[in-house]
Amino acid sequence: MLSVTDLEEVRQVLPSKFLFIRHAESSWNARGLWQGQCDPGLSEKGFSELPALWEQTQRQFGQIEWIFSSDLKRALWTAHFLVEKSNARLWSSKHFRERHAGDWSGKSKAEFSENHRNLMLSIQRGSWLTKPPNGENRLDVMKRVAAGLLKGGEKARENITFALVSHLGVLRTLIPGAELENAHAGWVRICQDRSNLTELFSWEPFR
């Protein structure tokens with residue numbers, strides 16, 4: 001798990017909550033393919049979803065000072081649209097990439113064997129160490145996302161309002177079982193319980 005020091009550092013540099021935005025639909029989302037860290041761009045539908053996403057973030061969040069983003073195209077193109085609308089500052093980083101899907105990359109769920117389906121169920125339940133073949137486990141992803149949040153928090157400094165444009169697998173790493181459609185957003189809250197060494201974040205989707 002993350003150490004006490006890791007948790008305290010995250011709490012110190014970040015506000016009590018931040019906006020999590022899932023990227024708009026990609027061309028592989030449209031085909032039902034597991035993306036991982038492969039880099040398809042947005043689909044035609046994905047581009048059409050961006051104005052409504054902007055309206056949703058404005059209605060719920062107001063002014064955004066910083067947007068942190070995965071550097072994968074589906075997230076980064078979503079972030080660029082929001083930056084153009086908001087004049088927020090943008091920092092993209094590989095820290096916020098989707099969970100590496102390893103041998104599952106580019107496959108549909110229908111192609112998975114029974115053994116792989118059992119692995120997927122364990123991952124969805126929040127196992128820290130289960131991973132796709134040659135992919136990342138939850139702990140791997142949590143460590144790099146936490147490192148990115150620390151670096152971004154130090155970059156943006158005090159009293160910031162920021163949004164993170166990333167991927168469903170990243171959200172589920174932070175909060176197992178969380179649900180979020182493409183081009184939608186919600187609040188990630190940082191747990192202030194200093195005895196909690198396993199779950200640092202909680203989820204509050206927009207209604």
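The table that follows gives values for the structure above.
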{"read-out": "Note, ³J(HN,Hα) from phi for region 87-103, Karplus 6.51, -1.76, 1.60, rounded to Hz, x at Gly and Pro", "value": "6, 5, 7, 10, 10, 9, 8, 5, 4, 9, 5, 4, 4, 5, 8, x, 5"}
{"read-out": "In region 1-151, lysine pairs closer than 14 Å at Cα, eight or more apart or cross-chain", "value": "4"}
{"read-out": "Under 5 Å, built H, 5+ apart or other chain: amide partners of F201", "value": "C191"}
{"read-out": "Relative contact order of region 1-114, pairs being alpha-carbon contacts under 8 Å that are 6 or more residues apart, as %", "value": "31"}
{"read-out": "Convex hull per residue volume in Å³, alpha carbons only, for region 4-205", "value": "104"}
{"read-out": "Built amide H within the under 5 Å cut-off of G41, gap 5+", "value": "S27"}
{"read-out": "Value of [θ]222 nm, deg cm²/dmol, for the chain, DSSP H segments ≥ 4, -39500 (n - 2.57) each, nearest 500", "value": "-12500 deg cm²/dmol"}
{"read-out": "Bridge type composition, the chain - antiparallel percent by DSSP, nearest 5", "value": "50"}
{"read-out": "Long-range HN-HN contacts of H23 with modeled amide H, under 5 Å", "value": "S166, A183"}
{"read-out": "Difference of contour (0.36 nm per residue) and Cα-Cα distance, A52 to K107", "value": "16.8 nm"}
{"read-out": "Phi-based couplings in Hz for region 171-187 (Karplus 6.51, -1.76, 1.60; Gly and Pro marked x)", "value": "4, 6, 5, 5, 9, x, x, 5, 10, 7, 6, 4, 6, 10, 9, x, 8"}
{"read-out": "Potential lengthening between L90 and D71 on full extension [0.36 nm per residue; Cα-Cα distance subtracted]", "value": "5.7 nm"}
{"read-out": "Lys, Arg +1 and Asp, Glu -1 on Cβ, resulting dipole of region 4-205 about Cα centre, debye, nearest 20", "value": "140"}
{"read-out": "Those aspartates and glutamates that a straight Cα-Cα span of less than 20 Å connects to K155, excepting residues fewer than 8 apart in one chain", "value": "D6, E8, E9, E65, D71"}
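Each reported figure results from applying straightforward, stated rules to the coordinates on display, with no laboratory input. Since the model is a prediction, treat every value here as computed from it, not as a measurement. Because the Cβ atoms are built from the backbone with ideal geometry, glycine has one as well, and the counts that use them run over all protein chains shown.
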